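To start, the structure itself, in structure tokens.
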Amino acid sequence: MSAQLIYDTAPLGSLIRYSNGEPRPPERFTRKLKAWNNDNGIGRLIERTPEEIRPTYRSPASFCLHLGNYGSQGIVAIVVRRHYSIESSLRFELAETPTAGMVRVLSSFNGRDELRYLAPHLAVAEEWMARNRYSNLRAEIVADPDPVILPSSIGRAA
């Protein structure tokens, strides 16, 4: 799939596999393996950003994948996220979508939703929301089928 198709069709919370199409190099080639790992992996779709056109620049539509949290003893020190433009040359694949009944915990800022947590059911989502304070936090139960709402289709108040 193209990046544009992922942006248009994948629901928030989906696992997205990305690849440059090259085979994985052997372990002994550490630099080549590191470069390959940079362009091949899997992440959870957490945000979509619509195209932005300003007088001095144009920013194409993009999406953000959450690749992982790193830390120790229950304390997250580094959150790894990667943004991809819809013009990306990488190949993307929808590995998994949230199932009906799961709950997305979302926060909103500037008309954009960002996935903060994907819970198996509402009780777990409410417990997570009580422990993690974000502004404009809300829970959204995944429907069957799960509709995709693009940021560009959300109206703004003047």
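The values are calculated or read from the model by the stated rules, or taken from the named source; none is laboratory data. None of these values were measured; they are calculated from a predicted model. Heads up, the Cβs are rebuilt from the backbone with ideal geometry, glycines too, and the neighbour counts pull from every protein chain shown.
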Exercise. For the stretch 40-85, which strands (runs of 3 or more DSSP E) that fit wholly inside it have 1 or more residues that are more than 19 Å from the chain's Cα centre (by Cα) and not β-branched (Val, Ile, Thr)?
Worked result: 62-72, 75-85
For this session: Answer with yes or no whether Ala10 is in contact (Cβ under 8 Å) with a residue 24 or more places away in the chain, of a type outside the set (Ser, Thr, Tyr) and in contact with a helix residue (DSSP H, G or I) (Cβ under 7 Å, 6 or more places away or on another chain).
Result: no
For this session: Mind listing whichever residues of the stretch 23-70 are of a type outside the set (Asp, Glu), under 27 Å from Pro98 (Cβ atoms) and touching a helix residue (DSSP H, G or I) at 6+ places or on another chain (Cβ under 9 Å)?
Result: Leu45, Arg48, Thr49, Pro50, Ala61, Ser62, Phe63
Exercise. Taking the stretch 25-61, which residues are surrounded by 11 or more Cβ atoms within 10 Å (Cβ to Cβ), farther than 25 Å from Ser108 by Cβ and either of a type outside the set (S, T, N, Q) or touching a His at 6+ places or on another chain (Cβ under 9 Å) (or both)?
Worked result: Pro25, Phe29, Lys32, Leu33, Ala35, Trp36, Asp39, Gly41, Ile42
For this session: Go through the stretch 21-60 and give me each residue that's closer than 17 Å to Ile86 by Cβ, in contact with a strand residue (DSSP E or B) (Cβ under 9 Å, 6 or more places away or on another chain) and not charged (D, E, K, R).
Result: Gly43, Leu45, Ile46, Thr49, Pro50, Ile53, Ser59, Pro60
Problem set entry | Positions within the stretch 81-114 being more than 22 Å from Gln4 (Cα to Cα), free of Cβ contacts under 8 Å to residues at least 60 places away in the same chain and surrounded by 12 or more Cβ atoms within 10 Å (Cβ to Cβ), in sequence order | Gly101, Val103, Val105, Ser107, Ser108
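Out of all the residues in the stretch 6-13, is one or more surrounded by fewer than 12 Cβ atoms within 10 Å (Cβ to Cβ) and outside any strand (DSSP E or B)? Before you say what the answer is, go through the steps one by one.
First, pick out the residues of the stretch 6-13 that are surrounded by fewer than 12 Cβ atoms within 10 Å (Cβ to Cβ): none.
The answer is no; no qualifying residue exists.
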For this session: Consider Ile42 carefully, then state whether it is β-branched (Val, Ile, Thr), closer than 19 Å to Leu115 by Cα, out of contact with any Lys or Arg (no Cβ under 6 Å at 6 or more places or on another chain) and touching a residue at least 12 places away in the same chain (Cβ under 8 Å).
Result: no
Problem set entry | Filter pass, Ser108 being more than 13 Å from the chain's Cα centre (by Cα), under 22 Å from Arg48 (Cβ atoms) and assigned to a loop (DSSP other than H, G, I, E, B) | no
Exercise. Among the residues of the stretch 123-158, how many are touching a Ser or Thr at 6+ places or on another chain (Cβ under 8 Å), at pLDDT below 80 and not in a loop (DSSP other than H, G, I, E, B)?
Worked result: 1
For this session: Of the conditions (1) modelled with pLDDT of 90 or more; (2) surrounded by 15 or more Cβ atoms within 10 Å (Cβ to Cβ), Pro120 clears all except one; give me its number.
Result: (2)
